[in-house]
Amino acid sequence: MPDYSKHTDFFDSVYQVVRMVPYGRVTSYGAIANYLSTPKSSRVVGWAMNAAHSIPDVPAHRVVNRNGLLTGKMHFSSPNEMQLLLEKEGIKVINDQVQNFKSLFWDPTKELKL
DNA sequence: TGTTTGACTGGGA
DNA sequence: CTCCCAGCCAAAC
């Protein structure tokens, strides 16, 4: 296991934002990165989500890329699980693409407006 | 210790 | 509109 003694804050911040995503809504890595004042570090958010497997309270299935594409579905227990969870929340997913993504999109910097 | 990769994004062609 | 390229930072090799 890596040493998280210094970077737990960033990861934890990502988890907090993801946890704030309302039911039936989705957000993007960039939105989370932007909320953390690090819009250029959107990739690191992806890594944070990779580590989110240890955090059961983090709905990683609500995090997609800016295109609304389920890019991270392959990292779940089952590739179908991410889409399944989204559909269970009333989100339609066709060909790994979130339908009506623009309306379902939840931007923490705009909606939360801390 | 140096290089490569990745659940991304924005801008340019 | 789609496709390609560079930047970014942490983890893995």
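Taken together, the values in this text are just the output of simple stated rules run on the coordinates, not laboratory data. No experiment lies behind these values; they were computed from the predicted model shown. With ideal geometry, Cβ positions are generated from the backbone for all residues, glycine too; neighbour counts draw on all protein chains shown.
Less than 11 Å Cβ to Cβ from A:Pro22, Lys/Arg counted +1 and Asp/Glu -1: what total charge do the surrounding residues give?
On the way: positive: A:Arg19, A:Arg25, A:Arg62; negative: A:Glu89, A:Glu111.
For residues surrounding A:Pro22, the net value is +1.
Estimated from helices alone, the mean residue ellipticity of chain A at 222 nm is -11000 deg cm²/dmol (sum of -39500 (n - 2.57) over DSSP H runs with n ≥ 4, per residue). Computed over neighbours whose Cβ is under 15 Å from that of A:Leu69, the net charge equals +4, Lys and Arg +1, Asp and Glu -1. Calculated FRET efficiency, A:Asn100 to A:Met74, Cβ-Cβ distance, R0 = 22 Å: about 0.40 to the nearest 0.05. Here the Karplus curve 6.51 cos²θ - 1.76 cosθ + 1.60, taken at θ = phi - 60°, turns the phi angles of region A:55-67 into couplings of 10, x, 7, 9, x, 5, 5, 8, 10, 10, 7, 5, 7 Hz, with x standing for Gly and Pro.
Please list the equivalent ellipsoid semi-axes of chain A, computed as the square roots of five times the alpha-carbon gyration tensor eigenvalues, in descending order and whole angstrom. Intermediate values should be presented prior to the final figure.
Numbers: eigenvalues 94, 57, 27 Å².
Taking √(5λ) for each Cα gyration eigenvalue gives 22, 17, 12 Å.
Excluding A:Gly90 itself, what net charge comes from residues whose Cβ is under 13 Å from its Cβ, given Lys and Arg +1 and Asp and Glu -1? Result for the neighbourhood of A:Gly90: +2. Going 7 Å from the Cα of A:Ser54 toward and past its Cβ, which residues in region A:8-48 have a backbone nitrogen under 18 Å from where you end up? Backbone N within reach: A:8-19, A:44-48.
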